[in-house]
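Trainee: Starting off with a structure, shown below.
The values are calculated or read from the model by the stated rules, or taken from the named source; none is laboratory data. In this text the structure is predicted, and so the values were computed from the model without any measurement. FYI the Cβ positions are ideal-geometry reconstructions off the backbone, even for glycines, and counts take in every protein chain you see. The protein model used for the area step is the full one, side chains on, heavy atoms only, and it has no ligands, DNA or RNA in it. Shrake-Rupley method; radii C 1.70, N 1.55, O 1.52, S 1.80 Å.
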Amino acid sequence: MNLFVIGSSNIDLVIYLKRIPKIGETVIGGEFKKIFGGKGANQAVSAKKAGTKVKFITQLGDDSFGLELKTYYNELGLDSKYILTDNKQPTGLAQILVSERGENSIAVAPGSNGTLTFQKLKPYLEEISNADLVLIQFEIPIQTVISIIDFCYDNKVRVIVNPAPAVCLPADVLNKIWMITPNESELELLTDISVNNKFSAIEASRKLINSGIENCIVTLGDKGSIWLSSNGVFEFSIPAIKAIDTTAAGDVFNGCLAHCVLNKIPLKSSIVKAHTAASFSVTKKGAQTSIPNDQEISSFSKNFNVKVIQHN
């Protein structure tokens with residue numbers, strides 16, 4: 001089975017605080033950690049830890065942060081063949097503030113992620129055309145994302161699109177996507193429908209399905225998710241847990257989901273497992289430091305009951 005994840009890599013500079021500062025305010029007493037992150041990397045590592053062989057295409061800077069990430073990816077077993085280097089731009093950097101309630105505030109300097117063009121992917125296009133699944137996000141140039149979607153559609157390769165950070169996509173691109181996984185704010189931008197409850201989420205998701213997307217899974221944070229397809233509408237409700245750090249929870253969801261889809265697990269069960277992995281991750285600090293392996297997901301699932309309700 002062949003999964004490509006194409007996306008960003010970052011070094012996350014994380015400060016844990018009692019609360020996130022207001023504009024112009026300084027909050028003293030934080031704890032600092034340097035953690036490996038980036039939406040593409042988080043999702044690739046999530047799929048890898050869940051048990052899938054992942055080909056992760058990303059671009060780093062020619063700097064100490066880039067060297068750290070290359071070494072780390074090598075230790076994880078991610079093939080360095082797919083790790084590109086931009087000699088002019090620094091490695092992507094994220095400054096993250098996390099409150100003791102698990103809330104976060106994130107600022108990103110894209111660096112080398114911002115110069116990952118479709119042209120640079122050409123050495124891998126033959127392999128991508130034979131992939132079983134491709135997973136992408138929006139922390140690389142949107143034109144690169146659109147070109148990947150077009151290429152995969154032309155070669156009958158299924159694509160999961162996690163449209164984060166939120167960017168509006170043209171209608172002639174939306175209808176080429178097999179699965180899309182927006183959160184509420186991303187769903188609003190994609191559909192121009194205000195999303196403030198599950199009914200409006202269903203209405204907006206149905207608009208995407210009507211545009212030609214086969215599957216829409218709108219993630220609702222601690223409220224779970226809603227999945228729409230031609231098979232109907234399913235609501236996933238998750239148990240309340242104490243969150244320590246919600247950074248990368250959505251990425252863990254997407255990476256685990258891609259792993260399950262690739263391994264032909266039915267979509268309903270795939271979404272349940274993805275929620276379990278994401279919920280485990282919020283009980284730990286950091287981005288990739290919080291990502292569970294398959295054994296941890298299985299163990300956590302014994303006391304984590306996701307309820308699934310089918311709507312008419």
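Trainee: Run the paramagnetic zone check for residue 206: 7 angstrom along Cα to Cβ, then residues of segment 220-240 with backbone nitrogen under 11 Å.
Mentor: So the set is 233.
Trainee: For the chain, what is the accessible area per residue in Å², given a 1.4 Å probe and the full set of protein chains?
Mentor: Result: 44 Å² of accessible area for each residue.
Trainee: Next question, about the same structure. Please work out the C-alpha center-to-center distance from segment 219-235 to segment 7-50 and express it in whole Å.
Mentor: What the calculation gives is 27 Å, centre to centre.
Trainee: Calculate for the chain the 222 nm mean residue ellipticity that helices alone would give, adding -39,500 (n - 2.57) per DSSP H run of length 4 or more and normalising by residue count, nearest 500 deg cm²/dmol.
Mentor: -10000 deg cm²/dmol
Trainee: Which value, in debye to the nearest 20, gives the size of the charge dipole of segment 7-155 about its Cα centre, when Lys and Arg are +1 and Asp and Glu are -1 at the Cβ?
Mentor: With Lys and Arg at +1 and Asp and Glu at -1, about 320 debye.
Trainee: Could you please report the charge total around residue 260, scoring K, R as +1 and D, E as -1 over all other residues with beta-carbon less than 14 angstrom from its beta-carbon?
Mentor: Local charge sum for residue 260: +4.
Trainee: Keeping the other protein chains in place, figure out the carbon and sulfur percent of the accessible area of the chain, with a 1.4 Å probe.
Mentor: 50 percent
Trainee: In nanometres, what is the gap between the two model label sites at residue 155 and residue 19, each 7 Å from Cα along Cα-to-Cβ?
Mentor: Going from the residue 155 label point to the residue 19 one covers 5.1 nm.
Trainee: Now for a different question. Could you point to the residue in 286, 138, 236 farthest towards the positive end of the chain's charge dipole, with +1 and -1 charges on the Cβ of Lys/Arg and Asp/Glu respectively?
Mentor: Towards the positive end, the residue furthest out is 236.
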